[in-house]
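> This is the structure I want to talk about, given as structure tokens.
The values are calculated or read from the model by the stated rules, or taken from the named source; none is laboratory data. Computed from a predicted model, the values in this text were never measured in an experiment. FYI the Cβ positions are ideal-geometry reconstructions off the backbone, even for glycines, and counts take in every protein chain you see.
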Amino acid sequence: MRTLSQLTWFFRLHWKRYVWGIFFLFLVDIFMLIPPRLIGQTVDEMRLGTLTASKLSITLLLLVALGLALYGARILWRYLLFGGALMLERTLRERFFQHLTRMAPTFFQRRRSGDLMAIATNDIPAVEMTASHGVLTFVDSLFMTVVTLSTMFALIDWKLTVAALLPMPLMAWATAHYGKLLHDRYFLAQEAFGEMNDHVQQSISGVRVLRSFVQEERDVEAFRQVSEKTLQRNVSVARIDALFDPTINVIIGFSFLIGLGYGAILVFNSQITLGDLVSFHLYLGLLIWPMFAFGWLMNILQRGSASLLRLQETLADQPDVQDAPGATSTVAEGTIEATGLTFTYPGAQSPALRDLSVVVRPGETLGIVGRTGSGKSTLCRVLLHQYPLGEKMLYFSGIPVEQMTVSALREKIAYVPQEHMLFSRTIRENVSFGNPQAGEDRIRWALEQAELTGDVAHFPLGLETLVGERGIMLSGGQKQRISIARALLADKEILIMDDSLSAVDARTEEKILQHLRQERTGKTTIITAHRLSAVQHAQQIIVLDEGRIVERGTHEELMALDGWYAEQYRRQQMEALVSG
């Protein structure tokens with residue numbers, strides 16, 4: 001019952017729907033009590049020879065009227081209760097999705113994609129079933145049992161009723177015992193399902209790598225093991241699930257046996273009539289559903305409890321970066337300043353950025369270069385405030401980043417990540433993602449700025465070409481340029497490009513950089529790169545090494561310094577000459 005109590009927030013929101021649904025459910029239960037009594041009376045009248053055609057006609061008309069009333073009432077309670085449960089499912093899905101969109105990268109490092117998919121596809125429907133069939137079985141079985149037993153006690157014989165109920169305590173123990181086993185096993189089965197989902201997601205995403213290393217058979221075998229584990233855990237759930245109905249059948253069978261045997265003795269002793277015995281067994285038949293419902297209720301509640309626990313554990317995770325009380329949502333265009341910026345990834349032993357200080361004025365281009373692993377991408381993520389920072393280390397327009405709302409900051413920034421994420425949609429939809437209201441002319445403009453117009457012209461469907469999962473139909477350079485076009489179309493005050501030109505040739509790179517210089521005049525641009533030609537036009541270039549700034553200046557100043565930058569630039573120029 002704890003699962004239903006944890007959903008009281010939803011029941012309060014839609015209490016009218018549930019009150020009316022339960023009212024019509026009660027109405028059905030009350031109407032169900034009338035036919036057995038009518039039939040019992042008819043049997044007695046037949047036995048005594050007092051049954052007339054008019055009485056039989058009236059009884060039949062009453063049964064038909066009751067059937068129609070039951071038909072209408074059942075439609076209404078199903079619409080109200082099950083419709084309400086579907087609203088709960090929609091609400092939970094919306095909350096879950098909104099929660100995922102607010103979480104920081106560390107959350108997705110801790111949580112496997114397969115587990116999150118399992119929560120969305122399996123656990124939330126299990127909670128929905130608790131709010132529909134769970135409420136139905138709990139309310140209906142309880143009310144039906146009480147009113148039916150009360151009728152049997154009052155109208156038939158209390159001794160016969162008590163005798164027929166003697167096996168019931170055994171069923172209560174069995175359902176409680178099976179319920180505990182089911183909860184534990186279902187939780188493990190859902191974990192295994194999430195693991196299997198995660199394996200499939202990784203295999204599909206990495207299918208090219210699997211094929212290039214000829215690891216298809218090995219991956220199939222690994223999947224077989226994961227699916228076998230999932231199968232065995234679900235079979236263990238099914239074993240317990242399979243015990244519910246037979247156990248209840250046996251107990252109900254004993255109740256009928258006692259009722260028939262003891263009831264026959266009471267009829268022979270004239271303590272009850274034959275019609276009473278017929279009515280009693282019809283009433284006992286009405287108790288079959290509540291008895292089954294009690295077992296089914298335990299099944300539903302335990303599944304719902306395990307699923308709700310998994311959902312609540314996920315929703316309980318809070319974003320690493322949250323808006324501080326009183327944080328400003330208005331940020332004017334201005335200087336970006338890092339002062340003594342030191343940052344350590346959660347769980348890491350050593351800082352990724354160390355005592356880093358840099359000032360980027362409005363309209364400037366900042367180039368960030370350095371060896372692999374020197375902290376270039378980390379600095380980009382820190383500028384996006386994806387991770388919590390120490391106080392007064394990073395400022396935008398003179399405001400510490402911790403005093404700004406996350407949405408206000410990110411509204412100012414267009415970001416082209418190192419790992420380009422394209423959606424399994426058309427080229428048009430991927431480019432316009434940053435500005436859905438953009439017209440055809442602006443989309444074409446963005447494609448021209450990213451030097452992608454010629455590529456799109458060669459696709460049979462042009463802008464309507466589907467790019468496939470994560471852009472699998474495109475080359476690395478095409479994916480990079482679509483990401484650049486998407487960022488340019490967004491037209492933000494700050495553009496961060498994290499090594500976004502690595503997959504394009506030098507000539508295309510130069511054209512894109514030329515477009516950037518022309519179109520982003522007066523706007524701030526931050527570019528990280530391994531190829532130094534991508535940043536040599538920048539007003540300021542910093543060289544990182546182990547998270548520290550080891551060199552700083554313009555291209556000419558760094559060449560005159562004759563340090564790592566100059567050495568790397570000359571090497572790349574030599575390689576370009578040789579390859580050319």
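> So Y415 passes all but one of these: (1) surrounded by fewer than 17 Cβ atoms within 10 Å (Cβ to Cβ); (2) touching a Cys at 6+ places or on another chain (Cβ under 8 Å); (3) of a type outside the set (K, R). Which condition number does it fail?
Here Y415 meets the rest and fails (1).
> Okay, moving on. If a residue has to be in contact with a strand residue (DSSP E or B) (Cβ under 7 Å, 6 or more places away or on another chain) and modelled with pLDDT of 75 or more to count, how many in region 290-333 make the cut?
2
> With respect to F187, determine if the residue is of a type outside the set (V, I, T) and either modelled with pLDDT under 80 or not in a helix (DSSP H, G or I) (or both).
Answer is yes for this residue.
> Could you please tell me which pairs satisfy a Cβ distance under 6 Å, a separation of 6+ or placement on different chains, a first residue in region 317-341 that is closer than 29 Å to Q540 by Cβ and outside the structural domain of I494 (by TED's automatic domain parsing), and a second residue that is modelled with pLDDT under 80 and assigned to a loop (DSSP other than H, G, I, E, B)?
V321/A104
> For V147, are the conditions met, namely being under 30 Å from D320 (Cβ atoms) and β-branched (V, I, T)?
Answer is no for this residue.
> Hey, among A576, A487, A506, which residue is of a type in the set (G, A, S), in contact (Cβ under 8 Å) with a residue 40 or more places away in the chain and crowded, with 21+ Cβ neighbours inside 10 Å?
The unique qualifying residue is A487.
> Need the failing condition index for T465 against (1) within 23 Å of L379 (Cβ to Cβ); (2) under 30 Å from the mean Cα position of the chain (by Cα); (3) among the polar types (S, T, N, Q), just the number.
The one condition T465 does not meet is (1).
> Go through region 325-341 and give me each residue that's surrounded by 14 or more Cβ atoms within 10 Å (Cβ to Cβ) and among the hydrophobic types (A, V, I, L, M, F, W, C).
A327, V331, I336, A338, L341
> Give me the strands (runs of 3 or more DSSP E) completely within region 451-570, filtered to those with at least 1 residues that are over 25 Å from F433 (Cβ atoms), ordered by residue number.
540-545, 548-553
> Is it the case that region 191-204 has a residue that's outside any helix (DSSP H, G or I), within 29 Å of the chain's Cα centre (by Cα) and small (G, A, S)?
Looking through region 191-204, none of the residues is outside any helix (DSSP H, G or I), within 29 Å of the chain's Cα centre (by Cα) and small (G, A, S).
> Scanning for something at pLDDT below 85, assigned to a helix (DSSP H, G or I), among the hydrophobic types (A, V, I, L, M, F, W, C) and farther than 23 Å from W9 by Cα, does region 102-111 turn up at least one residue?
Yes, region 102-111 contains at least one residue that is at pLDDT below 85, assigned to a helix (DSSP H, G or I), among the hydrophobic types (A, V, I, L, M, F, W, C) and farther than 23 Å from W9 by Cα.
> Hey, another quick one. Which of the following residues is touching a residue at least 12 places away in the same chain (Cβ under 8 Å), at positive phi, in contact with a Gly (Cβ under 6 Å, 6 or more places away or on another chain) and not acidic (D, E): G363, G370?
Result of the check over G363, G370: G363.
> Consider region 203-214. How many of its residues are in contact (Cβ under 8 Å) with a residue 12 or more places away in the chain and surrounded by fewer than 16 Cβ atoms within 10 Å (Cβ to Cβ)?
3
> Separate question: Select, from I248, I272, the only residue that is in the same structural domain as K180 (by TED's automatic domain parsing), surrounded by 14 or more Cβ atoms within 10 Å (Cβ to Cβ) and outside any helix (DSSP H, G or I).
Sole residue among the options that is in the same structural domain as K180 (by TED's automatic domain parsing), surrounded by 14 or more Cβ atoms within 10 Å (Cβ to Cβ) and outside any helix (DSSP H, G or I): I272.
> Limited to region 543-563, what total is found for residues that are in contact with a helix residue (DSSP H, G or I) (Cβ under 9 Å, 6 or more places away or on another chain) and surrounded by 13 or more Cβ atoms within 10 Å (Cβ to Cβ)?
Looking only at that region, the number is 11.
> Does any residue in region 344-358 that is of a type in the set (K, R) come within less than 6 Å, Cβ to Cβ, of a residue that is surrounded by 13 or more Cβ atoms within 10 Å (Cβ to Cβ) and assigned to a loop (DSSP other than H, G, I, E, B) six or more places away or on a different chain, and which pairs are these?
R354/G547
> With (1) loosely packed, with under 14 Cβ neighbours inside 10 Å; (2) over 15 Å from the mean Cα position of the chain (by Cα) as the list, and T121 as the residue in question, which single condition is left unmet?
(2)
> Continuing with this model, one more query. Restricting attention to region 45-102, report how many residues are in contact with a Pro (Cβ under 7 Å, 6 or more places away or on another chain) and of a type in the set (K, R).
Adding up the residues that qualify gives 1.
> Name the one entry in L142, L165, L170 that is surrounded by fewer than 20 Cβ atoms within 10 Å (Cβ to Cβ), within 21 Å of I265 (Cβ to Cβ) and modelled with pLDDT under 80.
Unique residue meeting the criteria: L165.
> Is there any pair with a first residue in region 133-147 that is over 23 Å from A164 (Cα atoms) and in the same structural domain as V19 (by TED's automatic domain parsing) and a second that is in a helix (DSSP H, G or I) and polar (S, T, N, Q) whose Cβ atoms are under 7 Å apart and which are 6 or more apart or on different chains, and what are they?
none
> Also: Every residue in region 393-444 that is touching a Phe, Trp or Tyr at 6+ places or on another chain (Cβ under 9 Å) and aromatic (F, W, Y), please.
Listed by number, the residues that qualify are F423, F433.
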